[in-house]
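*Asks:* I have a structure here, written as structure tokens, and I will follow up with some questions on it.
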Amino acid sequence: MIKLGLIGYPVGHSLSPKIQNAALKASGLEGDYRLFPVPPDDMQTLENLMTSVRTGEMSGFNVTIPHKQTVIPFLDELTPTARAIGSVNIIYKRGDTLIGDNTDAPGFLADLRSFLTTASYGNDKTQRHGDLNLSALVLGAGGSARSVVYALCNDGWQVTIAARRVEQTHQFSEKFPGIHVKDYNFQTLQLFNFQLIVNTTPIGMIPNIDQSPLPEDTVFPSQAKIYDLVYNPRETKFVRDARAQGLQAITGLGMLVEQAALGFTLWTGINLSIDIFRGAVQ
């Protein structure tokens, strides 16, 4: 019996149970995937859930806001990717070792490359990065932002961070040398000539669907591509505002699918077609 779940707060909006339960059914495995809402300051419940994996009561977990970093002290080991990012979104056991990994970064990059290829940057890295000197603005500085920054830096982007809580951005200077950290306030943010703007905050997520991380009168750079990690609703206000200005914009639904497929393999050892995961959210 495979027993999986998502730890975070809130988690009621998540499509992960739908995706992973479809994957379990397609693979012929008996089990289920459930939601585990854990408030930000409830460290005892977080520790108890980690113990449930150690004892075999649970097979593993996904982790989302706000616990991608707070869960780390309860783990035995981080993979090189999770250690480099400083953030965990998946937990599994190997032998007696409780391991934290990060599939957000490769999941985001896979979906971003698909988006940019469709958006006519081309799928050749030399072509995209040779003369274009691509620059990206990342909104937010939490665990998801760490994954996005890690992926973008490794893909050759110049990255700038902006966050509501400026003190969070300073950690990025130490974690990712060479990125641009600005003391930006979202309300006075100058967008300049960024080729990519990524929202990693939960602003705009159900039920707050009329909110955007940027002010109502924001004018996006004319050449920018817009990526919102929020995927529920299917069209966020951030994406809607960008599209109204004629820009290409997507939510993080594709990233969710990509990281879900990677996670399922880590938990079960089974590689399923990505179409199974995509089909579950259509």
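*Asks:* Mind telling me which of the residues T97, T55 ends up being of a type in the set (S, T, N, Q) and in contact with an Asp or Glu (Cβ under 9 Å, 6 or more places away or on another chain)?
*Replies:* T97
*Asks:* Only one of these is surrounded by 15 or more Cβ atoms within 10 Å (Cβ to Cβ), of a type in the set (D, E, K, R) and farther than 28 Å from H13 by Cα: D228, D155. Name it.
*Replies:* D155
*Asks:* Quick test for you: out of R234, R243, pick the one residue that is outside the structural domain of L24 (by TED's automatic domain parsing) and modelled with pLDDT under 95.
*Replies:* R234
*Asks:* Oh, and also: Could you name every one of the strands (runs of 3 or more DSSP E) located completely within the range 1-95 that has at least 2 residues being touching a helix residue (DSSP H, G or I) at 6+ places or on another chain (Cβ under 6 Å) and free of Cβ contacts under 8 Å to residues at least 40 places away in the same chain? Even if it seems obvious, please write down each step before you answer.
*Replies:* Numbers: elements: 2-8, 31-37, 60-63, 90-94.
Here the list reads 31-37.
*Asks:* Same structure, new question: Can we say F36 is of a type outside the set (S, T, Y), under 23 Å from A280 (Cβ atoms) and at pLDDT 95 or above?
*Replies:* yes
This table checks each residue for (1) touching a residue at least 24 places away in the same chain (Cβ under 8 Å); (2) surrounded by fewer than 20 Cβ atoms within 10 Å (Cβ to Cβ); (3) within 21 Å of S87 (Cβ to Cβ).
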| residue | (1), (2), (3) |
| --- | --- |
| Q171 | yes, yes, yes |
| I179 | yes, yes, yes |
| F194 | yes, no, no |
| N199 | yes, no, yes |
| L214 | yes, no, no |
| A244 | no, yes, no |
| V257 | yes, no, yes |
| L266 | yes, yes, yes |
| G269 | no, yes, no |
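*Asks:* Same structure, new question: Could you tell me whether L15 is outside the structural domain of T200 (by TED's automatic domain parsing), within 27 Å of S273 (Cα to Cα) and at pLDDT 95 or above?
*Replies:* Values: outside the structural domain of T200 (by TED's automatic domain parsing): yes; within 27 Å of S273 (Cα to Cα): yes; at pLDDT 95 or above: no.
Here the answer is no, as L15 does not meet what is asked.
*Asks:* Which of the residues belonging to the range 44-93 are in contact with a Ser or Thr (Cβ under 7 Å, 6 or more places away or on another chain), at pLDDT 95 or above and surrounded by fewer than 20 Cβ atoms within 10 Å (Cβ to Cβ)?
*Replies:* D76, E77
The values are calculated or read from the model by the stated rules, or taken from the named source; none is laboratory data. This is a predicted model, so every value here is computed, not measured. Don't worry about glycine lacking a Cβ; one is built from the backbone with ideal geometry, like all the others, and counts go over all protein chains shown.
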